[in-house]
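The values are calculated or read from the model by the stated rules, or taken from the named source; none is laboratory data. Just so it is clear, the model here is predicted, and its values are computed rather than measured. All Cβ positions, glycine included, derive from the backbone under ideal geometry; neighbour counts span all protein chains shown.
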Amino acid sequence: MRAISTRSIILTTGMSTVVVEVDQDTFSAVGMAEMSEAESREFCQKTFSEDLDGCLIIANKSVWRQFPRTWNNRWLAGNCVLIGDALPTAHFSIGSGTRMALKSAIALDRAPARHPTTISAALPDYETFRRPIVGRLVAAANRSAAWYENFAHHMSLDPMDFPMSYLAWSGRMDREKLYAM
């Protein structure tokens, strides 16, 4: 597995967040680990100047790092419950981290209604309900992260195979399904 280093940057026009991902070879060759926030902002500003079309990058106090993959086998300890990124992380490429955390919070809020007499029954019910859903999302996020971690390989594909590799990373799309659409 290749290490991917990322930094979130915010563009001024419309205030969009952009995630920059590089493989370990690029990270090392450019010296990203040694760059200050200002230096990395300037590096990205220069590297992506054509794409930015005059927009400025505003640093977001983020650091170059490998995306952390977290999965806790224990969701509960007494009357304490883990949710959000404290429980599992979902690679940002699938855009489900916040949704996953909010839906878990909603499920946690609703669990006592199903077990109104005891919190000790409500909390395991929350976990039983959410674990398979969260597991599927995290598995999808990990497949997506793996696709990005092998980006250099995908870039060497034929022009028609590259978009197909992107569409197929989830395992839910293949050529037959695509042609049937």
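Being part of a helix (DSSP H, G or I) and farther than 30 Å from Met173 by Cα: is that true of Asp85 here? Break it down stepwise before answering.
Numbers: part of a helix (DSSP H, G or I): yes; farther than 30 Å from Met173 by Cα: no.
No: the conditions fail for Asp85.
Taking into account only those residues within segment 127-142 that are buried (at least 16 other Cβ atoms within 10 Å of the Cβ) and closer than 17 Å to Gly95 by Cβ, which is nearest to the chain's Cα centre (by Cα)?
Within segment 127-142, the match that is nearest to the chain's Cα centre (by Cα) is Ala141.
Can you tell me which residue is surrounded by the most Cβ atoms within 10 Å (Cβ to Cβ) among those in segment 143-178 that are polar (S, T, N, Q) and in contact with a His (Cβ under 7 Å, 6 or more places away or on another chain)? It would help to see each step written out before you state the result.
From segment 143-178, those polar (S, T, N, Q) are 144, 150, 156, 165, 170; that's our starting set.
With the extra rule that they be in contact with a His (Cβ under 7 Å, 6 or more places away or on another chain), the set shrinks to 144, 165.
Details: Ser144: 20, Ser165: 15.
Ranking the qualifying residues of segment 143-178, first place goes to Ser144.
For (1) within 27 Å of Val22 (Cβ to Cβ); (2) hydrophobic (A, V, I, L, M, F, W, C); (3) buried (at least 16 other Cβ atoms within 10 Å of the Cβ), each residue gets a yes or a no:
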| position | (1), (2), (3) |
| --- | --- |
| Arg74 | no, no, no |
| Leu87 | no, yes, yes |
| Ser96 | yes, no, yes |
| Met100 | yes, yes, yes |
| Lys103 | no, no, yes |
| Leu108 | no, yes, yes |
| Arg114 | no, no, no |
| Thr118 | no, no, no |
| Asp125 | no, no, yes |
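Yes or no, residue by residue, for (1) at pLDDT 95 or above; (2) in a helix (DSSP H, G or I); (3) over 17 Å from the mean Cα position of the chain (by Cα):
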| position | (1), (2), (3) |
| --- | --- |
| Ala90 | no, no, no |
| Ser93 | no, yes, no |
| Met100 | no, yes, no |
| Pro112 | no, yes, yes |
| Ala121 | no, yes, yes |
| Pro124 | no, yes, yes |
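One line per residue, one yes/no per condition, for (1) free of Cβ contacts under 8 Å to residues at least 40 places away in the same chain; (2) not in a helix (DSSP H, G or I):
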| residue | (1), (2) |
| --- | --- |
| Ala145 | no, no |
| His153 | yes, no |
| Asp158 | yes, yes |
| Phe162 | yes, no |
| Ser165 | yes, no |
| Gly171 | yes, yes |
| Tyr179 | yes, no |
